[in-house]
Amino acid sequence: MEEELIGIKNAALSFVLEAEDLKSLEETKLQFLGKSGKLTLALKEVTKLPAEKRPAFGVLANEVKQTIEEAIEDKIKSLSAVKKTTLLEKIDVTNPGVKPPLGHLHLVTQAIEEIQSIFEKIGFVRVRYPEVEWDWYAFEALNFPPNHPARDDWETFFVDEKPHPKYGPVLLTPQTSSGQIREMTTNKPPIKMLNIAKCYRRQSDISHVPMFHQFEGLAVNTDLSISNLKGVLDYFVKAYFGKERQSRIRPYHFEFTEPSFEVDVSCGACNGKGCKLCKEGWLEMGGAGMVHPNVLKNCEIDPSVYNGFAFGWGVERVLMMKDGIKLDDIRTIYSDRMEFLEQF
Ligand code: PHE
């Protein structure tokens with residue numbers, strides 16, 4: 001009986017030794033240790049032995065079983081190690097890798113950074129003021145009459161909050177010009193600020209979004225003139241759109257500037273000659289003007305000593321004009337359409 005067990009062990013070990021893959025190891029395991037495996041069947045023979053021989057047989061049988069099991073386990077380990085090294089050997093490290101997709105800043109953020117750095121070079125300091133503001137900063141101090149249409153809730157978002165006893169209702173800033181008042185009530189001249197911020201208006205259609213961005217420049221000093229304003233406009237237009245581009249100002253009306261202007265940029269497509277893209281060679285960019293004396297007074301700055309100029313344009317607008325982007329729907333800028341966003 002003992003010889004039979006030793007025979008089974010040797011047979012099993014030689015199978016394990018020769019096994020070349022996991023599958024044949026599985027088969028060996030089944031053949032010897034399975035339900036009707038050779039060792040399992042041999043163990044059943046124990047009942048045929050006289051009682052005094054059974055314990056020794058049991059001990060030997062367990063040893064054989066353990067030896068076969070361990071041999072199989074060891075072989076499994078060495079087979080998978082071999083497999084790993086062959087896999088490693090097959091990796092060609094000189095092959096170009098697979099690049100993970102990498103995002104980038106949104107096109108509006110990129111434009112804001114560029115605009116900021118252009119103005120920083122001529123001494124305008126970027127500031128940030130509240131987006132949730134009181135009427136006084138957004139309208140009243142900017143010389144808006146009490147019944148101006150921008151003050152009603154067709155264009156401005158009002159916040160459901162108790163009005164301030166002095167500053168009036170709470171609203172979302174519809175223009176960055178509120179930053180002029182914040183600046184002039186916190187700092188005294190000379191002032192050279194650039195306020196780039198979100199603006200909110202009740203509008204949403206193919207050419208309007210309810211949240212957009214403006215950048216607003218304000219300079220206050222003792223003897224500023226329209227020429228200074230024009231110089232800054234020209235500088236920006238050339239730095240942002242290109243050397244060959246020009247700016248022009250046309251008379252316009254804003255409550256908080258006098259005189260007021262609308263600023264145009266020469267069309268890049270026809271170089272100012274006039275084409276399908278533009279109005280006789282010019283593209284409208286936004287507003288500008290000399291700070292109204294009433295606005296200075298509201299901020300306790302003496303208009304007989306100081307004066308200033310201001311300008312405010314839409315970030316989305318200048319960025320679309322620069323890149324010649326023609327969007328059927330401006331809301332695409334704030335959509336999650338990757339095929340659009342990935343281009344910038
Ligand atoms: N705030 C004006 C607008 O939103 C633009 C402007 C800014 C005009 C500064 C004059 C001076 O249209």
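Just report the Cα centroid separation between the range 1-54 and the range 174-227, whole Å.
Rounded to whole Å, the Cα centres lie 90 Å apart.
Treating the angle as unsigned and between 0 and 90°, give the value, to the nearest 10°, between the Cα long axis of helix 107-120 and the longest Cα principal axis of the chain.
Tilt of helix 107-120: around 50 degrees.
Rg to Rh ratio, the range 72-184, alpha-carbon atoms and Kirkwood radius? Intermediate results must be reported in sequence, preceding the final value.
Working: Rg = 30.7 Å, Rh = 20.1 Å.
Radius of gyration relative to Kirkwood radius: 1.53.
Using the crude model of +1 on Lys and Arg Cβ and -1 on Asp and Glu Cβ, and no other charge, please compute the dipole size for the range 1-47 relative to its Cα centre, in debye to 20. Numbers along the way, then the final one.
Values: 6 positive and 9 negative charges, 47 e Å.
Here the range 1-47 has a charge dipole of around 220 debye.
Would you give the gap between the C-alpha center of the range 262-299 and the C-alpha center of the range 103-125, rounded to a whole Å?
So the two Cα centres are separated by 20 Å.
Which whole-number percentage describes the relative contact order of the range 223-343, with Cα contacts under 8 Å and a sequence gap of 6 or more? Walk me through the numbers before you get to the answer.
Details: 169 pairs, mean separation 24.7, N = 121.
Value for the range 223-343: 20 percent.
Quote the convex hull volume per residue of the chain, based on C-alpha atoms, as a whole number of Å³. Walk me through the numbers on the way to the answer.
Numbers: hull volume 102.7 nm³, N = 344.
Cα-based convex hull of the chain, divided per residue, equals 298 Å³.
Within the range 69-160, list the trypsin sites (Lys or Arg not before Pro) lying in a DSSP loop whose Cβ has at most 10 other Cβ atoms in a 10 Å radius.
When the trypsin sites (Lys or Arg not before Pro) of the range 69-160 are filtered for loop state and at most 10 Cβ neighbours within 10 Å, Lys121, Arg128 remain.
Of all the C-alpha pairs in the range 2-89, what % are more than 23 Å from each other? Walk me through the intermediate numbers first.
Values: 1194 of 3828 pairs.
Above the 23 Å cut-off, the range 2-89 has 31 percent of its Cα pairs.
With charges only on Cβ, +1 for K and R and -1 for D and E, what is the dipole size of the chain about its Cα centre, in debye, rounded to 20? It would help to have the intermediate numbers written out before the result.
On the way: 43 positive and 50 negative charges, 77 e Å.
About 360 debye.
So what J values fall out for the range 303-320 if you push phi through Karplus, 6.51 cos²θ - 1.76 cosθ + 1.60 with θ = phi - 60°, rounded to Hz, Gly and Pro as x?
x, 7, 9, 10, 9, x, 10, 9, 8, x, 10, x, 5, 4, 5, 5, 5, 5
Quick one: 3J(HN,Hα) in Hz for the range 25-41, Karplus 6.51/-1.76/1.60 with θ = phi - 60°, rounded, Gly and Pro as x.
3J(HN,Hα) across the range 25-41, in whole Hz: 5, 4, 4, 4, 4, 4, 5, 9, 10, x, 3, 10, x, 4, 5, 4, 5.
Rounded to the nearest 500, what is the 222 nm mean residue ellipticity of the chain from helices alone, with -39500 (n - 2.57) per DSSP H run of 4+ residues and division by all residues?
Working: 11 runs with 135 residues, N = 344.
So the calculated ellipticity at 222 nm is -12500 deg cm²/dmol.
Hey, can you grab everything whose amide H is under 5 Å from the amide H of Val125? Only 5+ residues off in sequence or another chain; H modelled, so Pro and N-termini drop out.
For Val125, whose amide H was placed from the backbone, the distant partners under 5 Å are Lys192, Met193, Leu194.
Values quoted throughout were computed directly from the atomic coordinates according to the rules given, and no laboratory measurement underlies them. Just so it is clear, the model here is predicted, and its values are computed rather than measured. Don't worry about glycine lacking a Cβ; one is built from the backbone with ideal geometry, like all the others, and counts go over all protein chains shown.
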